[in-house]
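Please read the structure below before turning to the comments.
The values are calculated or read from the model by the stated rules, or taken from the named source; none is laboratory data. Owing to the predicted nature of the structure, the values given are computational and were not obtained by experimental measurement. Cβ coordinates were reconstructed from backbone atoms using ideal geometry, including for glycine residues, and neighbour counts include every protein chain displayed. All accessible areas refer to the heavy atoms of the entire protein, side chains included, with ligands and DNA or RNA removed. Shrake-Rupley method; radii C 1.70, N 1.55, O 1.52, S 1.80 Å.
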Amino acid sequence: MITDFPSRPLPLPNADELAAELAAFGGDAIIPKDLRRTLFPVITKEDVFNLMLAQRSTPQKVVDGFAEAYRQYVGAGYALPTASGTSSLHLALVGAGVQPGDEVIVPAFTFIATAQAVVAAHAVPVFVDIDPRTYCMDPQAAAAAITERTRAIMPVHVHGLPADVPALRALADRHGIALVEDASHAHSAKIGEQVAGSFGDAAGQSLMADKNFPLGGEGGIAFFATAEAHGRAADYLERHGIDYGMSWVAAAFGTSQLARLPHYDEIRARNAELLGRALDGTGLFHAPHVPEGHTHAYNMYRITLTPDAVGLDDLPVWAVKEAVHELLVAEGVPAREWQNTPIPCHLPFQHRDGFGNGYPFTLNPGAVRDHRPEDFPVTQGMLDSTLVLCRELRAPVEYERALRYADAFAKVARRPDAIRKLVEAGDYRRPYEKAARLG
Amino acid sequence: MELFDTATVLTRVLTSGVVMSIEKSDRELPGLERLLSKQTGRAKAVLVNSRSAAVHTALAGQGIGHGDAINRPGLGEKDRAFLAWLGIELREDAAEGEPVAFDHIALDAENAHRLGELAAASTAPALVVDLTGLGFGPAAAVLTDDPVQWARGERLKIFGAYDLRTMWTQEEESADLVPGVQFNYRLSPLVAACVRMALGQAKRPLTTSGAAS
């Protein structure tokens, strides 16, 4: 039998390990090689039993029951369960009234699906820069990009932090255009007591098994504020013969996961706070910024580096980041870049072939730009100076694992000499000089 | 498939802890790909999450896109609507016997045992196999002998990536194969595991004997 049950528990942290030689230079790693696997999603007997029970129901009932339970959790008006996050974003745009050739404003920093969903809706994505503290869409940049052909603004609640919805809502209302959320990272994220997915005229959300709220493999859900928007999306599927349906297998798994979501959210928040306090004590590393009144879902945890705090201000920050990355990975903390260039610099938005022969970009040539990374200086600066924890902190990991992550960052931050040595010996390139990567 | 068998398969996959298509250690999706290749006699399989995704994959794999026209007689209203959404025209002037762009088989519990036979009758460069009728939710596959068509299909379904297991970190070496529009057409390993067992167990239904009639 193949099982994910761990072979042995992770040892409790030991302060002596912090002063030991770095793993990259021959010392012992903070997290030993055989104990690095992070289990996610957490699968319990309830999930198994729920799948068994679902077999006794009809597929439609299982999917509808799941969608209604989650709609109520989010507090959205209407919901359409889908096969993926991309398809949910596509339907959210359609429901919000986006038509072929329309312009939709999206952030230059997101997962590529945000922009591809716009193309799927036969519309044209217009990319704008992000806020330097939240990494979400900059409302001023969005305002500057609005034209007569703009039909919607689609902010992304990046990594699980809600975007500046009040400012973007006001902007959309001022211009009579729709606000469509990409809430794919933001399960249970909130502004005040309102949950992401219920802020906009419509929203799309991925529910794939690597998200904070995982379904059985792949899935997504579109939310709508009005019956009219919901009807427009449902009719669109029918009219165009598109199969975006969710499998009952995925939905049944999600139903039992939903019951435990608040529990896992609490552990994620606890671990994020624990790590944040430890990072802020290192000088070199800084925790994500969370504006007052916002609840971060921590689907990803982006850490900022300030090399000047440890006497490395003469080195390029992106080179320091690469060296730190190497050192952390050696210690058993698989930090990542997660994106290395703005989305408009990815091949599909450089070549703009779309569905073929340039469609739908050909519908609105005035909206198309040949972008370079420096067109988005805030995004570029963030990519140069940050590293990300993904599943390592998304999973409700053991307390001792969270402590060991904190120790690994502290151990690396104590060694600016080692960072300098790697930078001087390394052949590092700026992130955007490498081939564009999905994550 | 018996409820007990479905329960066993689902429990087995859940116990493995691997329910994500992009998990490095997933064995369910490659297992279904191998089975479909074997049963249809085609070299390559692209698994996707619906019939319309498979039609899109079959055409995009051949480089057919918006503004192009294809020969494919006999399509129903839903498929015709989907082709129109893709911006692909159905040729009405094709001569009889002219090659078709793709063939299509819809499997269910009644005909799943005939997949090999049905596939053998197909001559199109891409074979769309709709697996939804097996009862585990929307699922489909595109079978082909053409490695380029397969490579394009894989990239269409996972945002231009060519391997689910390394999709986050891979660097593209064949930029000409990257599609302009990209989707998440990925199939769940849980669904793939159930489909695989259903296909593996598919047997010719018992026929009634002459004595009983």
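Short version: ³J(HN,Hα) in whole Hz for each residue of segment A:5-17, in order, from phi by Karplus 6.51 cos²θ - 1.76 cosθ + 1.60 (θ = phi - 60°), x for Gly and Pro, what are they?
5, x, 6, 7, x, 6, x, 5, x, 9, 4, 4, 5
Any idea what Rg and Dmax come out to for segment A:45-255 if you just take the C-alpha atoms, in Å?
Rg then Dmax for segment A:45-255, in Å: 16.5, 54.
Taking the full set of protein chains and a 1.4 angstrom probe, give the accessible area of A:K190 in square angstrom, rounded to the nearest 10.
A:K190 has an accessible surface of roughly 60 Å² with all protein chains in place.
Mind giving me the nanometre distance, one decimal, between the label points for A:H240 and A:A425, set 7 Å out from Cα along Cα→Cβ?
Here the modelled spin labels are 5.4 nm apart.
If you line up the long axis of helix A:416-425 against the longest principal axis of chain A, both from Cα atoms, how many degrees apart are they, to the nearest 10?
On a 0 to 90 degree scale, this one is about 70.
With a cut-off of 17 Å, note down the residues of segment B:9-39 whose backbone N falls inside the zone around a label point 7 Å from the Cα of B:D108 toward its beta carbon.
none
Sequence-distant or interchain residues sharing an amide H contact under 5 Å with A:N299, placed H: which?
A:G160
If you count, for every residue in B:183-195, the Cβ atoms of partner chains within 10 Å of its Cβ, what is the mean?
6
Give me the percent of DSSP beta bridges within the protein assembly as shown that run antiparallel, rounded to the nearest 5.
Rounded to the nearest five, the antiparallel share is 60 percent.
With just the Cα atoms defining each centre, how far is segment A:135-152 from segment A:1-73? Give it in Å.
So the separation of the two Cα centres works out to 39 Å.
Going highest first, how would you order A:139-145, A:160-166, A:226-232 by mean Cβ packing within 10 Å?
A:160-166, A:139-145, A:226-232
Taking only C-alpha pairs under 8 Å that are 6+ residues apart, what is the relative contact order of chain A in percent?
21
In sequence order, what are the phi-derived ³J(HN,Hα) couplings for segment A:307-320 according to the Karplus relation 6.51 cos²θ - 1.76 cosθ + 1.60 with θ = phi - 60°, rounded to whole Hz, with x for glycine and proline?
With coefficients 6.51, -1.76 and 1.60, one gets x, 4, 5, 10, x, 10, 5, 7, 9, x, 4, 5, 6, 4 Hz.
What share of the DSSP beta bridges in segment A:84-211 is antiparallel, in percent to the nearest 5?
Here the share of antiparallel DSSP bridges comes out near 20 percent.
At a threshold of 8 angstrom on Cα-Cα distance, excluding pairs fewer than six apart, so keeping six or more, what relative contact order does segment A:160-240 reach in percent? List each step's numbers first, then the result.
Values: 114 pairs, mean separation 18.1, N = 81.
Here the relative contact order equals 22 percent.
Rounding to the nearest 10 and keeping the result within 0 to 90°, find how far the Cα-based axis of helix A:399-413 lies from the longest principal axis of chain A.
The helix A:399-413 is inclined about 60 degrees to chain A.
Per residue of B:20-27, what is the mean number of Cβ atoms on other protein chains within 10 angstrom of that residue's Cβ?
4
Distance cut-off 31 Å, Cα to Cα: go down the list A:K33/B:K157; A:K45/B:K24; A:K33/A:K321 and report the pairs above it. Numbers along the way, then the final one.
Numbers: A:K33/B:K157 33 Å; A:K45/B:K24 24 Å; A:K33/A:K321 22 Å.
Going by Cα-Cα distance, A:K33/B:K157 fall outside the 31 Å limit.
Quick one: what are the phi-derived ³J(HN,Hα) couplings along segment A:380-387, Karplus 6.51/-1.76/1.60 with θ = phi - 60°, whole Hz, x for glycine and proline?
4, x, 5, 5, 5, 10, 9, 10
Only bridges with both residues in chain B count here: give the DSSP antiparallel percent, nearest 5.
In chain B, DSSP labels about 60 percent of beta bridges as antiparallel.
Could you rank B:E172, B:E89, A:E103 by how accessible they are, 1.4 Å probe, largest area first?
B:E89, B:E172, A:E103
Using a 10 Å cut-off on Cβ to Cβ distances, tally the other chain neighbours for every residue of A:244-252 and report the average as a whole number.
The shielding value for this peptide is 6.
Suppose each label sits 7 Å from its Cα in the direction of the beta carbon; what would the B:A43-A:D173 distance come out to in nanometres?
My value for the distance between the label points is 6.0 nm.
If you find the alpha carbon centre of segment A:240-264 and of segment B:146-204, how far apart are they in angstrom?
First find each Cα centre; the distance between them is then 21 Å.
What is the distance, in nm, between label points placed 7 Å from the Cα along the Cα-to-Cβ direction at B:V148 and at A:E148?
4.4
Return the long-range amide H neighbours of A:N340 (sequence gap of 5 or more, or a different chain), with a cut-off of under 5 Å between placed amide H atoms.
Result for A:N340 returns A:R437.
Ignoring ligands and nucleic acids, what accessible area does A:R430 show with a 1.4 Å probe (Å², nearest 10)?
The value for A:R430 is about 60 Å².
May I ask you to derive the relative contact order of segment B:3-204, considering only C-alpha pairs under 8 Å and at least 6 residues apart, and to give it as an integer percent?
32
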